[in-house]
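These notes concern the structure reproduced below.
The values are calculated or read from the model by the stated rules, or taken from the named source; none is laboratory data. All of these numbers come straight from a predicted model, not from anything done at the bench. In this analysis, Cβ positions are derived from the backbone assuming ideal geometry, glycine residues included, and neighbour counts consider all displayed protein chains.
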Amino acid sequence: MHQNPERIQQFTADVAGMKLRDPATGLDRLLTRLGLAGMVAGVSFAVVSWFISHGTRNPLQQRDAIVLGLLGVTLAVVGGVLWLKATLAGFLRFWMARLCYEQQAQADRLAGVLAPCGPAGPAGTVSPPAGPGAASPGDGAFAGGRTP
């Protein structure tokens, strides 16, 4: 990757001008912590409910354990979704900033390459023949004025 300190400074200034919130102190960090806690608590509920349901012969207590187990599985799934949302948000935020920077750098490189060409086209291109025997694109003749 080409390093362009002027472009990096401009990008940093543009990001600062957007007044984006810091992801490390905001909602994403809270969701990550809640998601991890939910996954741990959900697995714990499921394991405890398994031991409760297998430790008794009372059907009422077993049904309570089934409800506790389903609550644990639900809590683990919701916690996983919250954790995944927060993790992907941080990654995609970084990815989007990187993509914007790389596209701008590519546009700058293309502009630098195409700028010397001017309106006439790049150097070394051949213009179409213009003369009495020259073929025009719409007359069905080959170059040189001869037809098959």
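Listed here are the residues, each with its yes/no results for (1) over 30 Å from Q10 (Cβ atoms); (2) at pLDDT 95 or above; (3) in a loop (DSSP other than H, G, I, E, B).
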position	(1), (2), (3)
A76	yes, yes, no
C100	no, no, no
A115	no, no, no
G121	yes, no, yes
F142	yes, no, yes
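If you go through segment 42-51 one residue at a time, how many are surrounded by fewer than 16 Cβ atoms within 10 Å (Cβ to Cβ) and not aromatic (F, W, Y)?
Qualifying residue count, segment 42-51: 4.
Quick check on this structure: which one of V78, V40, V73 is among the β-branched types (V, I, T) and under 28 Å from the mean Cα position of the chain (by Cα)? Break it down stepwise before answering.
Working: V40 fails: under 28 Å from the mean Cα position of the chain (by Cα); V73 fails: under 28 Å from the mean Cα position of the chain (by Cα).
Being among the β-branched types (V, I, T) and under 28 Å from the mean Cα position of the chain (by Cα) holds for just one of V78, V40, V73, which is V78.
When you go through L60, L82, L31 one by one, which is the residue that is in contact with a Lys or Arg (Cβ under 7 Å, 6 or more places away or on another chain), at pLDDT below 95 and part of a helix (DSSP H, G or I)? Give the steps one after another, and end with the answer.
Values: L60 fails: in contact with a Lys or Arg (Cβ under 7 Å, 6 or more places away or on another chain); L82 fails: in contact with a Lys or Arg (Cβ under 7 Å, 6 or more places away or on another chain).
One residue alone meets the criteria, L31.
Name the single residue that is nearest to M39 (Cα to Cα) among those in segment 83-102 being among the hydrophobic types (A, V, I, L, M, F, W, C) and in contact with a Ser or Thr (Cβ under 8 Å, 6 or more places away or on another chain).
W83
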